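*Asks:* Submitted below is the structure of interest, expressed as structure tokens.
Any read-out appearing in this document is the output of simple, stated calculations on the displayed coordinates, not a laboratory observation. Being a predicted model, the structure only gives us computed values, none of them experimental. Cβ sites come from the backbone with ideal geometry, for glycine too, and all protein chains shown count toward neighbours.
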Amino acid sequence: MPESTRKALEREEDRRLAPHALRSADATRQRPLEDDGRAFDYRLPYQRDRDRIVYSRAFRRLRQKAVAGILPAYEDHRRNRLTHTLEVTQVARTVGRALALNEDLIEAIALAHDLGQPPFGPAGERALDDLLAGRLDGRGGPGLGDLGGFSRSDQALRVVDLLEKRYEHPGLNLCDATREGIAKLAGAGSLEAQVVAVAVRLASALHDLDDALQARVVDPAEVERLAAVRSLKKKLGAGYPQRGGRFMKANAIHRGLTHLLVTGVILGSRESPTTGAPIAWGRGGEELLRDLEAFVERRVLTGSEADRIEAIGRRAVHGLFAAYFADPSLLDDHVLLRAKEQLGVRYWRDLPRSEREREARRYRLDPRMTRLLADHLSSMTDAYALAEHARLLAIGAVPMPSAEQLRREETT
């Protein structure tokens with residue numbers, strides 16, 4: 001019965017998918033699945049990946065991370081990383097179903113694509129990248145050189161492969177196609193991964209514009225001059241709201257542009273002359289989206305308020321890193337336990353105080369500890385990072401050692 005149930009699901013999937021879609025029957029994992037006493041399989045492999053991602057702690061933390069900037073505690077309606085992820089997933093599944101691709105795989109990649117996003121959105125990502133790429137060396141940084149930098153896609157893969165802890169092994173043991181989709185979201189990957197990449201662009205531009213309209217950051221009349229909105233007004237004719245408040249116009253624009261752009265991707269991909277060719281845009285679709293993205297970048301994501309938020313986020317990330325780097329005793333117990341596992345050192349809390357400074361020096365010279373700190377910082381929510389930064393400021397946490405200090409440590 002178990003085998004026949006799984007085989008029946010695979011046959012049904014194979015029947016409805018396009019020839020170039022990825023099949024669950026071909027899915028592979030790095031480790032065998034855990035035996036949890038299941039009587040039979042009623043989920044295919046990519047469905048199982050989806051469920052593991054949704055139940056992860058990293059996924060739950062997305063609700064308290066801003067799409068860009070800092071998520072205020074009082075904000076009820078603005079998007080956060082969780083609602084962004086759900087909108088990306090919705091768009092991606094719509095496109096994937098229309099193209100007869102593997103929806104389960106698409107959903108798993110989409111749900112996991114932002115698991116590596118640090119607090120404060122792109123500002124936090126840039127702050128961590130400056131530290132891990134060596135750009136701060138000699139300018140207040142730790143003098144560690146280039147450790148490979150930081151990217152949210154790479155970090156998302158670390159989350160699902162290493163950092164989540166729900167089983168006896170590290171990570172979630174996702175299928176290789178899911179992992180590849182997460183890692184290659186910005187580049188060429190499977191058609192399912194390409195669909196998610198397009199959905200990320202669409203959803204990001206559209207919800208940033210919608211949030212800006214709702215928050216009165218931009219005026220509807222200004223938005224109506226965009227090429228995509230002009231095209232929308234032409235298609236809708238009298239159906240486009242000429243009167244009514246900002247709320248109704250914003251909803252009409254968001255709803256209409258979503259349909260317009262998603263339709264363009266579906267039709268453009270269906271018209272591609274080569275079976276299994278990359279996901280393509282319909283005529284003019286890419287230009288409309290680029291125009292919209294440029295407007296959002298110029299009017300929403302830059303300016304004095306964006307600069308202020310960028311400074312707050314960078315200061316918090318760099319300050320937390322500096323404090324933890326100088327004094328590991330400030331870290332939570334679970335981080336110190338991970339350091340014990342990954343660095344092969346004694347548990348910090350068990351060390352006599354007379355030995356701690358010597359051990360801290362050893363930590364600072366080990367690049368694995370630096371990466372561990374990046375893991376810890378990137379997992380934080382906006383509110384937690386700000387509160388932790390304020391706490392460490394209040395107790396006068398030790399500043400980051402200079403590059404010259406570290407060089408002296410290496411020779412002693």
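*Asks:* For the stretch 88-119, list residues with backbone N below 17 Å from a point placed 7 Å from the Cα of residue 166 toward its Cβ?
*Replies:* It comes to 104-116, nothing else.
*Asks:* Also, quick follow-up: What full-extension length gain, to one decimal in nm, is calculated for residue 146 and residue 231 as 0.36 nm per residue of separation minus the Cα-Cα distance?
*Replies:* Once the chain is fully extended between residue 146 and residue 231, it gains 25.9 nm.
*Asks:* Please report the relative contact order for the chain, taking Cα pairs under 8 Å with a sequence separation of at least 6, and give it as a percent rounded to a whole number.
*Replies:* Relative contact order, the chain: 19 percent.
*Asks:* Sticking with this structure for a sec: For 40, 321, 59, which order do you get if you count the other beta carbons within 10 Å of each Cβ and list the fewest first?
*Replies:* Going from sparsest to densest Cβ surroundings: 40, 59, 321.
*Asks:* Taking 0.36 nm per residue of sequence separation and subtracting the Cα-Cα distance, how much length would be gained by fully extending the chain between residue 186 and residue 306, in nm to one decimal?
*Replies:* Gain on extension, residue 186 to residue 306, equals 40.8 nm.
*Asks:* So for the stretch 306-410, averaging the separation of alpha carbon pairs under 8 Å that are six or more residues apart and normalising by length, what relative contact order in percent results?
*Replies:* Relative contact order of the stretch 306-410: 42 percent.
*Asks:* So which trypsin sites (Lys or Arg not before Pro) in the stretch 133-241 are both in a DSSP loop and have at most 15 other Cβ atoms within 10 Å of their Cβ?
*Replies:* 135, 139, 166, 216, 225
*Asks:* Name the shape class, rounded, prolate or oblate, that the alpha-carbon gyration tensor gives for the stretch 5-114, where a ≥ b ≥ c are the square roots of its eigenvalues, rounded holds for a/c under 1.5, and otherwise prolate holds if a/b is larger than b/c and oblate otherwise.
*Replies:* In terms of gyration-tensor shape, oblate.
*Asks:* Moving on to the next point. Suppose R0 equals 22 Å; then what is the FRET efficiency for residue 298 and residue 83 from their Cβ-Cβ distance, rounded to the nearest 0.05?
*Replies:* After rounding to 0.05, the efficiency reads 0.40.
*Asks:* Between residue 340 and residue 15, what is the label-point separation in nm under the 7 Å Cα-to-beta-carbon projection?
*Replies:* Label-label distance for residue 15 and residue 340, simple model: 5.5 nm.
*Asks:* Rounded, prolate or oblate, given the Cα gyration tensor of the chain, with a/c below 1.5 counting as rounded?
*Replies:* Verdict is oblate for the chain.
*Asks:* Also: On a straight-distance basis, which aspartates and glutamates could pair with residue 165 in a cross-link, Cα separation under 20 angstrom, same-chain partners fewer than 8 positions away excluded?
*Replies:* Hits, sequence-local ones excluded: 34, 35, 36, 49, 51, 114, 154, 176, 332, 333, 341, 375.
*Asks:* Also: Let a ≥ b ≥ c be the square roots of the eigenvalues of the Cα gyration tensor of the stretch 306-410; is it rounded (a/c under 1.5), or, if not, prolate (a/b larger than b/c) or oblate?
*Replies:* Prolate.
*Asks:* Taking only Cα atoms and a 10 Å spring cutoff, compute GNM fluctuations for the chain and point out the largest among 46, 240, 324.
*Replies:* It is 240.
*Asks:* Would you list, by chain and number, the lysines whose Cα falls below 22 Å from the Cα of residue 233, excluding same-chain residues fewer than 8 positions away?
*Replies:* Here the lysines satisfying the reach criterion relative to residue 233 are 249.
*Asks:* What whole-number distance in Å separates the alpha-carbon centres of the stretch 184-259 and the stretch 280-304?
*Replies:* If we compute the Cα centre of each part, the gap is 10 Å.
*Asks:* Here's another thing I want to ask about it. Specify the longest stretch of the chain that does not include any exposed loop site, a site being one of the GluC sites (Glu not before Pro) with a non-H, G, I, E, B DSSP assignment and at most 15 other Cβ atoms within 10 Å.
*Replies:* 272-412
*Asks:* For the residues 296, 159, 196, what sequence is obtained by ranking on other C-beta atoms within 10 Å, fewest first?
*Replies:* 296, 159, 196
*Asks:* Evaluate E = 1/(1 + (r/R0)^6) for residue 353 and residue 23, where r is the Cβ-Cβ distance and R0 equals 56 Å; express this FRET efficiency to the nearest 0.05.
*Replies:* Rounded to the nearest 0.05, the efficiency is 0.45.
*Asks:* In deg cm²/dmol and to the nearest 500, what is the mean residue ellipticity at 222 nm of the chain if only DSSP H runs of at least 4 residues count, each as -39500 (n - 2.57), divided by the residue total?
*Replies:* -18500 deg cm²/dmol, from helical runs alone.
*Asks:* Another question, then. Based on the Cβ-Cβ distance of residue 259 and residue 55, what FRET efficiency does E = 1/(1 + (r/R0)^6) give at R0 = 41 Å, to the nearest 0.05?
*Replies:* E(calc), rounded to 0.05, equals 0.80.
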